[in-house]
Amino acid sequence: MEDNTFKASGKYKETVIFWQKYRSSVISYGIPEKKAQWYEHWARQFALSIPRVPLENRILEQANTFLDSLKNNPNIEDWQLYQATEALKILYEDFLHIKWSQQSSQMIAPSSEPVKGLETSPPNQQPQSNLRTLQETYCEQAPSKSNYLIHQDIFTRLRSEMHAARYSLRTEKSYTHWVRRFINFYTDKSPLDLTPDSVKDYLEYLVRERKISAITQNQALNALVFFYEHVLNEPLDSIGDFTRAKQPQRLPTILTRDEVNKVLNEMTGVNALITGLLYGSGLRLMECLRLRVKDFDFQRKQITVRDGKGRQDRVTVIPERYLGQLQEHIEKCREQHHKDLLQGFGEAYIWPAVDRKYPDAARAWEWQYVFPSSRLSVDPLSKKVRRHHIHETAVQNALKLAAKKAGLSKQVNCQMLRHSFAAHLLEDGYDIQTVQGGGLRAFGCLSHNVI
């Protein structure tokens, strides 16, 4: 894309940052990241359609002309047209905050024949500017965006309470998702009028009609318990008995030492280091990806896992096989961090309290991720441009591919490596308390048989 598209704004250092921020804005609407890429695609196509006119200088007629061209394209389906419409609405209404998009009563209406399932406004009523995603159109269980806007004060309070409780961003998204679905289930009632019996009926509906698993039902229950207790100030003490999804009793699948070696030998690059630590140190995937430089003690051959499951810290070992490779990898990360600093970036996410107390800590080398992403990204909360850690799906996909190349018939995943780590420790004679502790709090005693 040509740089003159953004000449008038002067807000962004480079085009890539602009589109990263736009995608974050799309995701903030609850749109999945994979679909957010397509929203960005349509917005980019519109930007390229008139390359000499900056986006901020364009008018409604130009947006409608672009959408009409999509409508007349026989290769574009109706749902794609509406997705492109939503992409431009987010771009102008919520991201660029252009006056004409917020004041116009005819905000981008590309088709007189709506997609089946999309409601239109009555003839004498102005069309709503609320956005509805493709998922909301075709999936009955998907939460409505208009519902979210109507009760925006409730969701703002919900997010504030989760921030105060120091919940992770993943938990925030999950809880917000379930509260939105719950409110959307009772479209004819206000959330303030919903009783504990409403929660009970909804949880039973999820089991009977949606056929969800026990884990998913518990997640929905936890979200609603938090919602009632911290937002509505009405603890769910009298919900009573309700139909629960049956929890299956399954034994974990364990890889043999030979199978582990076959898989690890098929791994290359950074993914090989990460999977090696999952097995050789007994780490969970997200624990490994969130490791900082300061968490490694190469003299003692130890890794400190901070704020792990249950918000507990623990110490585990660095496997001998990866000592040298890890040190070389960290030196390469130091060079990348130095380049980021020279370009005006170089921040990593740190806890807000630490950031306030030590403003320069986010740029310090010891706080950087050991497994940083290959590109910069925009923090969805603070909107700062940072280098986050590698996304977990990259490791998961690489591990599945390695298991396939190794010829294993088992469905290998990252947690399976941790289970195998524990099983092999027990085979080597370590006591169960040490294994359950998650990784040998005592010294670097594991440097031989496991890996």
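The values are calculated or read from the model by the stated rules, or taken from the named source; none is laboratory data. Computed from a predicted structure; not experimentally measured. Every residue, glycine among them, receives a Cβ derived from its backbone with ideal geometry; neighbour counts consider all protein chains shown. What goes into the accessible areas is simple: the full protein's heavy atoms, side chains included, and nothing from ligands, DNA or RNA. Shrake-Rupley method; radii C 1.70, N 1.55, O 1.52, S 1.80 Å.
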#### Entry: Extension gain, residue 216 back to residue 153 (0.36 nm per residue minus Cα-Cα distance, nm)
20.1 nm
### Task
Once you have the Kirkwood Rh of the range 240-397 from its Cα pairs, apply Stokes-Einstein at 37 °C and 0.692 mPa s and quote D in µm²/s.
187
### Summary
Here the tail fraction of P(r) beyond 14 Å, over all Cα-Cα pairs of the range 338-377, rounds in percent to 46
### Task
May I ask for the net charge around residue 298, where only other residues with Cβ less than 13 Å from the Cβ of residue 298 are counted and Lys, Arg are +1 while Asp, Glu are -1?
-2
#### Entry: Semi-axes of the equivalent ellipsoid for the range 193-322, Cα gyration tensor, largest first, Å
42, 21, 11
### Task
Could you quote the convex hull projected area for the range 153-237, Cα atoms only and averaged over all directions, in nm²?
5.5
### Query
Cα centroid distance between the range 175-229 and the range 361-410, in Å?
33
### Query
Using a 1.4 Å probe, what is the accessible area per residue for the range 19-95, in Å²?
46
### Summary
Taking 19, 38 and ranking on accessible area (1.4 Å, protein atoms only), highest first, one gets 38, 19
### Extension gain from residue 384 to residue 366, taking 0.36 nm per residue of separation minus the Cα-Cα distance
4.5 nm
### Query
Quick one: if the Förster radius is 35 Å, what FRET efficiency do residue 186 and residue 373 give, using the C-beta to C-beta distance and rounding to 0.05?
0.30
### Task
For the range 183-226, just run the numbers: alpha carbon Rg, then divide by 2.2 N^0.38 Å, N being how many residues it has.
1.14
### Task
Compute the distance in nm between two label points, each set 7 Å from the Cα along the Cα-to-Cβ direction, one at residue 193 and one at residue 99.
4.1
### Positive minus negative residues near residue 60 (Lys, Arg vs Asp, Glu; Cβ under 15 Å)
-1
### Message
If you roll a 1.4 angstrom probe over the protein chains with everything in place, what fraction of the accessible area of the range 305-377 belongs to carbon and sulfur, to the nearest %?
### Response
49
### Task
Please calculate the 1.4 Å probe accessible area of residue 313, with all protein chains present, and give it to the nearest 10 Å².
90
### Query
For residue 318, what is the net charge nearby, where nearby means another residue's Cβ is under 13 Å from its Cβ and Lys, Arg count +1, Asp, Glu -1?
0
### Query
With every protein chain left in place, what is the accessible area per residue of the range 228-361 in square angstrom, probe 1.4 Å?
58
### Accessible surface of the range 167-210 [probe 1.4 Å, protein heavy atoms]: carbon and sulfur percent
45
### Task
Average the reciprocal distances over every distinct pair of alpha-carbons in the range 379-425, invert the result, and give the Kirkwood radius in Å.
13.1
### Task
Could you check the simple spin-label distance between residue 177 and residue 307, using points 7 Å along Cα→Cβ, in nm with one decimal?
2.1
## Note on the structure
If R0 = 22 Å, then residue 68 and residue 45, at their Cβ-Cβ distance, give a FRET efficiency to the nearest 0.05 of 0.95
### Query
Karplus couplings for the range 347-353 from phi (6.51 cos²θ - 1.76 cosθ + 1.60, θ = phi - 60°), rounded to Hz, Gly and Pro as x?
8, 10, 5, 9, 4, x, 5
